[in-house]
Structure formats: C-alpha cells, structure tokens
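Chemist: Quick one: the structure is below, and I'll ask about it shortly.
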Amino acid sequence: MSARIYLADDEANIRQLLESFLVREGYEVSTFETGDQLLLAFMENPADVVVLDVMMPGSDGFAIAQEIRKRSQVPLILLTARDSDQDYLDGFKAGIDDYFTKPFSPLKLVLRIKAILQRLEYEHQDESAKKMEFADLALKPNDRVLVSRGNQLPLTNTEYDVLRVLMAEAGQAVSRERLLREIWGYESNVETRATDDTIKRLRKKLRQIESQVSIETVWGYGFKLCQKQA
C-alpha cells in the first residue's frame with residue numbers, strides 16, 4: 001500500500017506541481033486549499049506525511065500543525081514564503097519536522113518525504129530494534145517516546161531520530177553531515193538550520209526533565225551526547 005500524503009497550499013499551481021511530483025513517485029496524494037480542510041480530512045483518515053503552507057485562508061499552517069500534533073506524531077513539513085527567524089521558530093514550536101522556504105525545489109521536497117518514509121518503514125520492519133538507554137534516558141522504538149526515570153517525554157519524529165543516532169554513538173561525536181544525510185535525506189552539505197534547531201529543542205526538553213545527559217557541540221563538526229559530571 002502506497003503512503004498517503006496530505007498537502008495544503010492556497011496556490012493551485014503549487015498544489016498541482018507538488019502533486020504531480022509525488023504521484024510520479026507512487027504516493028497517494030490529497031491536496032487542500034486550506035489547512036482547515038486538511039485537518040478535517042486528517043481527523044477522518046490520517047495521512048503518513050503532512051505538508052502545510054504557512055499563509056492560507058482560515059487557520060494558518062502553525063495553528064494546523066499544533067492541532068495535528070495534539071493527535072499524532074505524523075511527520076509535518078512546513079512551507080513558507082517568508083524566510084524569517086520568527087517563522088522558523090514558530091514552526092518548530094508547533095512541532096514540525098522540516099521547513100522549506102519558497103521558492104524551493106519540488107525534487108528536494110520529494111527527496112525529503114522519501115527519506116522520512118524509508119526511515120519509518122525500516123524502523124517498523126526492524127523487529128530486532130530494542131530500547132536504547134544512556135544514563136537516565138531510554139528510547140522506546142515501538143512508541144517513539146523518550147523515558148526518563150519513569151516519565152514519558154513526547155518527541156517529534158525528527159527529535160526522536162536525532163536522539164536515536166546520538167544515543168547509538170553516545171560519547172562519540174556525530175557530524176552534522178551524517179545527521180543531515182540520515183535524518184533529513186540530504187546528500188550534500190546544504191545550507192539549513194534544521195539540525196541546530198532540532199538540537200536546541202532537544203536540549204530544552206532535557207533541561208525540563210533535569211536529565212543527567214547533555215548534548216555538547218563539537219565546534220566545526222557536530223554534536224556529542226555526554227553524561228553530566230556529578
């Protein structure tokens with residue numbers, strides 16, 4: 001069964017262009033002129049990936065992302081015509097997984113969606129996947145949640161996957177390039193803040209639960225998961 005993609009954008013030419021690219025890859029695609037229409041459809045029949053424009057009639061993309069995130073950890077990708085830091089922060093606060101600024105390459109968006117779906121499929125099929133642990137943290141692959149001292153902490157799909165890679169290499173530096181390749185599906189060193197912003201959100205969540213674990217920056221290279229000194 002092919003993956004189901006929901007796409008909301010008030011520009012008909014963008015909907016048609018992205019739909020043609022995605023259908024060509026074998027995906028089942030439903031397009032919507034507003035985020036409110038998409039949300040109603042999602043509540044009836046959830047999708048595997050959701051792509052949202054920011055500025056639409058009715059509720060904007062941020063509001064729709066927040067409503068979807070209350071119900072599901074489905075991968076969310078945001079599209080915006082404004083390349084502002086505030087939009088970027090608002091999007092990740094709403095729980096999105098990635099962010100594309102218009103104009104963007106439809107091919108890059110398709111590659112991102114393919115990388116997301118391939119990773120989720122691999123993890124679902126990997127019956128040998130077991131709970132990963134480091135210090136006071138544990139990742140539960142079946143539920144895709146973080147557990148610390150008996151308390152569950154919700155993570156977005158991207159946050160979960162970044163933390164999974166860092167935990168697999170705990171104490172060792174992991175490069176930004178590797179994270180971009182394995183999590184976001186980028187094959188080259190593209191200009192994106194996705195990795196750093198995801199790390200910032202993970203650090204904030206670890207502070208909220210007063211974890212013994214910290215994510216250190218390895219300047220000019222990447223990041224490393226470490227246990228705080230007593």
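Chemist: Kindly state, to the nearest 0.05, the FRET efficiency for Phe104 paired with Glu169, given R0 = 30 Å and r defined as their beta-carbon distance. Write out the running numbers ahead of the final one.
Modeler: Values: r = 31 Å, r/R0 = 1.03.
For R0 = 30 Å, the calculated efficiency reads 0.45.
Chemist: Can you figure out the FRET efficiency of Asn45 with Met132, using R₀ = 22 Å and their beta-carbon distance, to the nearest 0.05?
Modeler: On the way: r = 32 Å, r/R0 = 1.47.
My answer for the efficiency is 0.10.
Chemist: Pulled fully out, how much extra length does the chain show between Gln227 and Glu210, if you take 0.36 nm times their separation in residues and subtract their Cα-Cα distance? Spell out each step's value before the answer.
Modeler: Numbers: separation 17, 0.36 × 17 = 6.12 nm, distance 1.21 nm.
Extra length from Gln227 to Glu210 when fully extended: 4.9 nm.
Chemist: To the nearest 0.05, what FRET efficiency results for Glu177 and Ala81 with a Förster distance of 35 Å applied to their C-beta separation? Could you put the intermediate results ahead of the total?
Modeler: Working: r = 29 Å, r/R0 = 0.82.
The pair Glu177/Ala81 has a calculated efficiency of 0.75.
Chemist: Going by how many other beta carbons lie within 10 Å of each one, how would you line up Ser211, Ser20, fewest first? Numbers along the way, then the final one.
Modeler: On the way: Ser211 20, Ser20 11.
Ranked by crowding around the Cβ, least crowded first: Ser20, Ser211.
FYI, it's all coordinate maths here, none of it is from the lab. On a predicted model such as this, the values are computed, not experimentally measured, just so you know. With ideal geometry, Cβ positions are generated from the backbone for all residues, glycine too; neighbour counts draw on all protein chains shown.
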